[in-house]
Amino acid sequence: MKELLEFMTKSLVEKADEVTVTAVESDGETIFQIQTAESDIGRVIGKQGRIIKAIRTVAKAAAIKEGIKIRVDVVE
């Protein structure tokens, strides 16, 4: 799952080497935190949040297949 999020995010940004995805376990849920260069945050979020919504949709579909509960956040 982490690799999937890294691949999608690195495909969107200009500074791919600054993308990090960390996983945190909390209350039976895995929270994936995506961190990018400050100049690339807008590329990950997209207009009206459309890009991050699409990333979350793909990630949740993959999580259902694996049988886990996840959440995806963008952190600064």
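Please treat every number below as a calculation from the coordinates, not as lab data. This structure is a prediction, so every number in the text was calculated from the model and none was measured. Cβ: placed from backbone, ideal geometry, glycine included. Neighbour counts: every protein chain shown.
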Checklist entry - Helix 2-12 sits at what angle to the longest principal axis of the chain, using alpha carbons and giving 0 to 90 degrees rounded to 10? => result 20 degrees
Item to check | Computed over the chain: relative contact order in percent, which uses C-alpha pairs under 8 Å that are six or more apart | outcome: 33 percent
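If you count the DSSP beta bridges with both ends in the chain, what percent of them are antiparallel, to the nearest 5? All intermediate terms of the calculation are to be shown ahead of the outcome.
Numbers: 7 of 13 bridges.
DSSP beta bridges in the chain are roughly 55 percent antiparallel.
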Checklist entry - What distance in nm separates the simple spin-label points at K65 and D17, each placed 7 Å from Cα in the Cβ direction? => result 3.2 nm
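Fewest Cβ neighbours within 10 Å first, please rank K69, K10, K47 accordingly. Walk me through the numbers on the way to the answer.
Numbers: K69 12, K10 16, K47 7.
If I rank by nearby Cβ atoms, fewest first, I get K47, K69, K10.
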Checklist entry - Using 1/(1 + (r/R0)^6) with R0 = 35 angstrom and r between the beta carbons of S26 and A54, what's the FRET efficiency to the nearest 0.05? => result 0.90
Checklist entry - What's the Cα-based Rg to Rh of the chain, Rh via Kirkwood? => result 0.95
Checklist entry - Whole-Hz Karplus ³J(HN,Hα) for region 41-51, in order, using 6.51 cos²θ - 1.76 cosθ + 1.60 and θ = phi - 60°, x for Gly and Pro? => result 4, x, 5, 6, 6, x, 5, 6, x, 5, 5
Next on the checklist: Can you compute the charge dipole magnitude of the chain about its Cα centre, using +1 on each Lys and Arg Cβ and -1 on each Asp and Glu Cβ, nothing else charged? Give it in debye, rounded to the nearest 20.
Outcome noted: 500 debye
